[in-house]
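The structure under discussion appears below in the form of structure tokens.
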Amino acid sequence: MAESQARRLSCEDVIGMLFDYLEASLTPEAVAAFHRHLDTCPECVAYVNTYEKARELTGRSLEVTMPPEMEARLRGLLLEQLDPRRDG
């Protein structure tokens with residue numbers, strides 16, 4: 001991943017990479033990009049911490065297989081909640 005691309009991870013990118021990150025299956029460059037995003041995004045830090053805590057409490061991965069349409073809707077809802085322009 002080029003340096004300029006690494007700096008541009010979105011919240012959606014980070015959410016999409018989370019399982020691979022926790023399973024330590026990302027490249028070193030992807031991990032660095034993931035961490036750079038977290039350095040500037042407290043909402044994603046909270047999301048990652050919540051996911052890690054749930055995983056710790058259950059003792060297993062929380063990867064869920066769901067229909068693509070449902071996954072897209074859930075991802076959209078999460079991103080809407082993370083949108084800094086959202087009033088509330």
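May I ask for the Rg/Rh ratio of segment 3-82, computed from Cα atoms with Rh as the Kirkwood radius, given to two decimals? Mind dumping the intermediate values first?
Details: Rg = 12.8 Å, Rh = 13.4 Å.
We get a ratio of 0.96 for segment 3-82.
Tell me, what is the percent relative contact order of segment 3-82, built from C-alpha pairs under 8 Å that lie six or more residues apart? Spell out each step's value before the answer.
Working: 34 pairs, mean separation 28.2, N = 80.
For segment 3-82, the relative contact order is 35 percent.
Coordinate-derived values only; no laboratory data. All values derive from a computational prediction rather than experimental measurement.
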